[in-house]
Every structure is written in C-alpha cells, then in structure tokens.
C-alpha cells in the first residue's frame with residue numbers, strides 16, 4: 001500500500017510561476033539566437049562588440065540553463081523528483097554564463113552597472129527552485 005502526499009495549493013502556484021519564468025527564459029534565448037540582426041541594430045558600438053563576442057560555450061550555457069529549467073518546471077508540475085537535477089543543471093549553467101557576461105566580457109562597461117540586476121535575480125530564483133524541489137522531495141510531494 002502506498003500513500004500519496006497531496007501538495008498544498010501554494011506548491012502548484014510556485015510550480016506554475018516557475019514554468020512561466022522558465023518559458024520567458026526560453027523565449028529570451030530563442031530571441032537572441034534567431035533575432036540577432038534586430039538586436040545588433042538596437043545596440044551602440046561597445047554593446048555590439050560585447051554581444052558579438054559571446055563565445056559558443058556561453059551561448060550553449062544559456063541554452064542549457066533555460067531548457068533544463070523548463071524541463072525541471074514541467075517535472076514539478078508532474079510531481080517528479082527528477083525536477084531537482086534539472087534545476088541544479090540550470091543553476092550551474094546559468095552561473096557559468098553569467099561568469100562570462102559579468103567578469104570575462106566587457107558587458108558591465110558597455111551596458112552599465114544595471115547589468116548585474118538580471119543575473120542576480122536569475123541566480124536567486126535558481127537557488128530557490130533547487131531548494132524548493134528538495135523540499136518537495138523531502139515532503140513526499142515529488143516522487
């Protein structure tokens with residue numbers, strides 16, 4: 001006999017918000033990947049050089065981060081414990097991408113100190129989703 005632990009309503013709210021957040025990340029990645037000319041036209045010369053200088057590994061890290069976050073969010077909604085490893089992968093690859101963006105490239109000089117805002121938000125949310133999914137496993141909400 002197995003018992004199913006029903007998650008609280010706020011679990012579903014957080015999981016749905018996580019899905020929407022990660023869908024926005026996927027949209028941003030796809031926009032960057034397939035709309036480069038329009039993006040480049042909107043940038044000044046210094047910003048353009050930073051954008052054009054993004055190495056393949058940083059772009060790959062971006063893709064892995066957003067798609068693994070999306071898969072993790074789907075896992076939450078399906079109540080699967082495999083969501084957590086996907087959130088961990090997403091967090092690690094997001095950190096790798098932001099290390100390049102903030103500390104290797106000239107993004108801060110080209111875009112200003114506001115460049116730190118989104119990476120900080122993404123990392124905080126990524127950490128939260130890793131811990132949220134662990135709590136879901138510990139509480140028996142995720143199987």
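Where a number appears in this text, it was derived from the coordinates with a stated rule and is not lab data. It should be emphasised that the depicted structure is a prediction, and the values quoted were computed from it without experimental measurement. We place every Cβ from the backbone using ideal geometry, glycine too, and count neighbours over all the protein chains shown.
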Completion exercise
Of 119, 85, 55, the most mobile residue in a GNM of the chain (C-alpha springs, cutoff 10 Å) is 55
Practice task
Starting from the Cα of residue 32, move 7 Å in the Cα-to-Cβ direction to define the label point; list residues of region 78-105 whose amide nitrogen is under 15 Å from there.
Solution key: 90-105
Problem - Nitroxide proxy distance, nm - points 7 Å out along Cα→Cβ at residue 9 and residue 131 - result: 2.5 nm
Problem - For region 78-96 versus region 1-34, the gap between their alpha-carbon centres in whole angstrom - result: 11 Å
Handout entry: the chain: proportion of alpha-carbon pairs further apart than 24 angstrom, %
Key = 37 percent
Exercise for the section: As a check on your grasp of the helix formula, calculate [θ] at 222 nm for the chain: sum -39500 (n - 2.57) over DSSP H runs of n ≥ 4, divide by the residue count, round to the nearest 500. Expected result: -24500 deg cm²/dmol
Problem - Whole-number percent relative contact order across the chain, with pairs defined as alpha carbons under 8 Å at least 6 apart - result: 29 percent
Practice task
For the chain, set up a Gaussian network in which alpha carbons nearer than 10 Å are linked by springs, and say which option among 59, 93, 113 fluctuates the most.
Solution key: 113
Exercise for the section: Have a look at 104, 88, 71 and tell me which one the Gaussian network model of the chain (Cα, springs below 10 Å) gives the largest fluctuation. Expected result: 104
Practice task
May I ask you to list the residues of region 25-57 whose amide nitrogen lies under 17 Å from a point 7 Å from Cα along the Cα→beta-carbon direction of residue 103?
Solution key: 55
Fill in the blank from the handout: Under 20 Å by backbone N from the virtual spin label 7 Å along Cα-to-Cβ at residue 23, the residues of region 59-79 are 63-79
Fill in the blank from the handout: One can check that the equivalent ellipsoid of region 1-73, built from the alpha-carbon gyration tensor with semi-axes equal to the square roots of five times its eigenvalues, has lengths in Å, largest first, of 37, 13, 8
